[in-house]
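Working notes, beginning with the structure itself.
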Amino acid sequence: MDAVKTRRPVATILLRSVLTKSLPMSVAVVMTTVAIVTVHSISGFGGQNLHSMLEVVATMLSLVVGVLSLVRYLSRKNATYLFLSSGFLGTAFLDGYHLLVTSSQFSQLMPSRPESLGPWSWSASRTFLGVWMVLTWLGTANLSRGRRGDGIRESSVWITGAALTLITALLFAWLPLPRAHFPGWFFSRPQELLAGILFATALAGFISTKHEEKDSFLKWLQWSLLVGCTTQIAVMARSESLFDLPFHLAHLLRIFSYALVLGGLLAEVSRTFRGAEESRAVQESLTAELQESEGRFQRAVTGSTDGMWDFDVCNGEVWYSDRFKQLLGFEPGEGDDFANVLDSWASRLHPADRDDVMKAVDNHLKNGLRYDVKYRLRLESGERRWFRSRGQAEWDHDGAPIRMSGSLSDIHNERTIEERLDLAIRAANEGLWDWEIKSGTTYFNDTFYTMLGYHPGEFPMDLQVWRDLIHPDDSSTVERLVADHLSGKSSSYRHEHRLRRKDGAWHWILGIGEIVERDQDDQPLRMIGVHVDIQNLKEISTRLELAHTSANAGIWDWNVVANTFVSNATLHTMIGEDPLQGDIPIDYLLSRIHLSELQSIQHEIAAAQASDSHTYDIEFQIRCSDGAYKWMRSTGKVIERCPDGRALRMIGQHIDVT
């Protein structure tokens, strides 16, 4: 008694944990229990009638699941629900077909005996669903790897599903089926194992596939697959005759497996509705915040020396403050002719600036890119002056822009000085940067961008953006040298390092900088520097380094990603190949290396590809075209890398040291 009393609380705790932490598992446990009790209570009921009733329920459930999956797919397309809907709609047809051909009215019209027709038509439907569950897992796995399934053609899925369904159905009408039951065997219906294996494969795949925690549908689907796998392997495969206990239990468990998928779909629909309610609440909150923001905006306009503007994207109206109009040369009271439309401002843009400015507005509204641009406007007097405009849009819960507000500042004098300085910098082909240390504000001139293949202003003038452009192998050294200069350990900052170009290639630059402003406590306030393009110098240096040892050498250039290998004529003749026959494939060259040395060479190549500081230098034997071996010395290094750090290009040489 004491032992029993001790075990009860533990069992209670475990049961409560299961019921609260996994709703699909709880439903599966309850359904399985109900199935067993139900079969025990109705096992004496008429076999054919009970079977027909269970088949009607299963057919209707699979049809409902297929339709709901299709609706879910059409509302937000992804491969999971495409395969699921096709699979369950085909299964509904086959379940209904199974019900029809096993009925007393139609079974006599089939070429097979009922003892074979019933089990085989059941197996066909279950195997068909098993195949589509595996396809559903594969589609979900693609989504988890960031692929949206755009390469999957809907028509191909539907045509394949329909074709397999019809072919399966016609087989029963045309072909006599073999024996289905093997009494005395451990698995009396061994054909059921195929569907069980397919369900198990899909289950293992879903379990191993990473997906969002909030995607509860996949948990329901996994439990459905577990019930389906158990049904096929542990229950139906053990049935020795029609209408025995495992036969009816398997039919009930199939219904419960369908019900689990249906439960998951309903849970997904419920989650979607909750998401819509949350979106409405967010929209109401945004509306209230917008009203409060407008109040602050009006107060800021009154005391600002900048011109303020507010663009209603929906109706196209623009509000311009009085100060905005004054900056454009309108005296107080004269600004009434400045209409509240976008063209009042846009028509005054300098023709050379107009496209870039309008593109910046469009990129901000559509993509959320920062809007901070400098351009020239024609004043009322006809004079053109430089202005700086900054703005920020607001979007609704669907991502559509509602309005955009901002300011206009006269920067003509500053721009004139900046142009003169920039002219001097561009004459030296140097990228200028200016860093206000405490605020973090940075400025990059046009050459800073173009040196790396970008259009001026294409990425934000932000210190972190610059840090992200630095090659990982150089980043720590650059940060240390800058910190040393800021702390007074060095009189200036100077370092050669690599920056990532727009096309992903790494570009060598010489960075030079110095503190130009300090506060009263001698703390640095401002640092200015330049980037000098030394890419060509680096490449020339690399080639010269190899040229020193390249007398009578076979020179090669290997694109590692494309696996193209280009070499000079000397390398061909070294190994007895005709230079006129074209380039030597790298795989062919490696196949000629003595087997005892191949692994060492591959290790050296991998080490060189892993680090820019490693130049591989190794001697080995290579088989010439006449079958004789020569001793070669090979040196090489990586000179270009992909954006993700992988080796893109290597160059090197082979020297005959026989």
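The values are calculated or read from the model by the stated rules, or taken from the named source; none is laboratory data. Keep in mind it's a predicted model, so treat the numbers as computed, not measured. Note that we place each Cβ from the backbone using ideal geometry, even for glycine, and neighbour counts take in every protein chain shown. These area figures cover heavy atoms from the full protein model, side chains too; ligands, DNA and RNA do not enter into them. Shrake-Rupley method; radii C 1.70, N 1.55, O 1.52, S 1.80 Å.
State which residue is modelled with the highest pLDDT when the search covers only the stretch 44-59 and only residues that are open to solvent by 30 Å² or more (accessible area, probe 1.4 Å) and not β-branched (Val, Ile, Thr).
Pass one, the stretch 44-59, residues open to solvent by 30 Å² or more (accessible area, probe 1.4 Å): 44-46, 48-49, 52-53, 56-57.
When the remaining residues are screened for being not β-branched (Val, Ile, Thr), the result is 44-46, 48-49, 52-53.
On the way: GLY44: 46, PHE45: 46, GLY46: 49, GLN48: 75, ASN49: 78, SER52: 82, MET53: 87.
Checking each candidate, the answer is MET53.
In the set SER75, SER104, SER62, which member is surrounded by fewer than 20 Cβ atoms within 10 Å (Cβ to Cβ), modelled with pLDDT of 50 or more and within 23 Å of TRP120 (Cβ to Cβ)? Walk me through how you get there before you give the answer.
On the way: SER75 fails: within 23 Å of TRP120 (Cβ to Cβ); SER62 fails: surrounded by fewer than 20 Cβ atoms within 10 Å (Cβ to Cβ).
Criteria check complete, one pass: SER104.
Please work out which one of (1) out of contact with any Leu (no Cβ under 9 Å at 6 or more places or on another chain); (2) farther than 26 Å from ARG415 by Cβ is the condition ILE509 fails and give its number.
(1)
Which residues, taken from the stretch 624-658, are more than 30 Å from ILE470 (Cα to Cα) and among the small types (Gly, Ala, Ser)?
Within the stretch 624-658, SER625, GLY627, ALA628, SER634 qualify.
Are there any pairs with C-beta distances below 6 angstrom linking a residue in the stretch 148-175 that is closer than 24 Å to GLY118 by Cβ and of a type in the set (Val, Ile, Thr) to a residue that is modelled with pLDDT of 85 or more and in a helix (DSSP H, G or I), with the two at least 6 apart or on different chains, and if so which?
Within 6 Å, the pairs are THR165/GLY90; THR165/PHE93; THR168/ALA124.
Among the residues of the stretch 232-241, write down those that are touching a helix residue (DSSP H, G or I) at 6+ places or on another chain (Cβ under 6 Å) and surrounded by fewer than 19 Cβ atoms within 10 Å (Cβ to Cβ). Step through it out loud before you land on a result.
Within the stretch 232-241, the subset touching a helix residue (DSSP H, G or I) at 6+ places or on another chain (Cβ under 6 Å) is 232-233, 235-239.
Hit for the stretch 232-241 is ILE233, nothing else.
Please go through the stretch 574-587 and give me each residue that is under 20 Å from ALA628 (Cα atoms) and open to solvent by 80 Å² or more (accessible area, probe 1.4 Å), ordered by number.
Of everything in the stretch 574-587, just one residue is under 20 Å from ALA628 (Cα atoms) and open to solvent by 80 Å² or more (accessible area, probe 1.4 Å), namely ASP587.
Identify all residues within the stretch 244-259 that are within 19 Å of TRP185 (Cβ to Cβ) and of a type in the set (Phe, Trp, Tyr); write none if there are none.
The answer is PHE247, and nothing else.
Within the stretch 597-608, is even one residue assigned to a loop (DSSP other than H, G, I, E, B) and either open to solvent by 60 Å² or more (accessible area, probe 1.4 Å) or in contact with a Phe, Trp or Tyr (Cβ under 9 Å, 6 or more places away or on another chain) (or both)? Don't jump to the end; show me each part of the working.
Just the residues of the stretch 597-608 that are assigned to a loop (DSSP other than H, G, I, E, B), to begin with: none.
No: the stretch 597-608 contains no residue that is assigned to a loop (DSSP other than H, G, I, E, B) and either open to solvent by 60 Å² or more (accessible area, probe 1.4 Å) or in contact with a Phe, Trp or Tyr (Cβ under 9 Å, 6 or more places away or on another chain) (or both).
Restricting attention to the stretch 331-338, does a residue exist that is in contact with a Ser or Thr (Cβ under 9 Å, 6 or more places away or on another chain), closer than 27 Å to GLY457 by Cβ and either at pLDDT below 90 or part of a helix (DSSP H, G or I) (or both)?
no
In this structure, is VAL261 at pLDDT 75 or above and open to solvent by 50 Å² or more (accessible area, probe 1.4 Å)?
Values: at pLDDT 75 or above: yes; open to solvent by 50 Å² or more (accessible area, probe 1.4 Å): no.
No.
Quick check on the stretch 376-394: of everything there that is in a strand (DSSP E or B) and under 18 Å from ASP337 (Cα atoms), which residue is most open to solvent (accessible area, probe 1.4 Å)? Give the steps one after another, and end with the answer.
Going residue by residue through the stretch 376-394, those that are in a strand (DSSP E or B) are 376-378, 384-394.
Now restrict to residues that are under 18 Å from ASP337 (Cα atoms): 377-378.
Working: LEU377: 1, ARG378: 81 Å².
Once the filter is applied, the top-ranked residue is ARG378.
Give me a count of the residues in the stretch 469-492 that are touching a residue at least 24 places away in the same chain (Cβ under 8 Å) and either more than 19 Å from ASN445 (Cα to Cα) or out of contact with any helix residue (DSSP H, G or I) (no Cβ under 7 Å at 6 or more places or on another chain) (or both).
Taking the stretch 469-492 as the starting set, the residues that turn out to be touching a residue at least 24 places away in the same chain (Cβ under 8 Å) are 469-474, 478, 482, 485-486.
Okay, now just the ones that are also either more than 19 Å from ASN445 (Cα to Cα) or out of contact with any helix residue (DSSP H, G or I) (no Cβ under 7 Å at 6 or more places or on another chain) (or both), so 469, 471-474, 478, 482, 485-486.
Total satisfying the criteria: 9.
Name the residue that is surrounded by the most Cβ atoms within 10 Å (Cβ to Cβ), counting only residues in the stretch 465-504 that are within 17 Å of PHE448 (Cα to Cα) and of a type in the set (Lys, Arg).
The qualifying residue surrounded by the most Cβ atoms within 10 Å (Cβ to Cβ) is ARG498.
Give me the pairs: first residue in the stretch 266-281 and hydrophobic (A, V, I, L, M, F, W, C), second residue modelled with pLDDT under 80, beta-carbon distance under 7 Å, and six or more apart or on different chains, which are they?
ALA267/SER216
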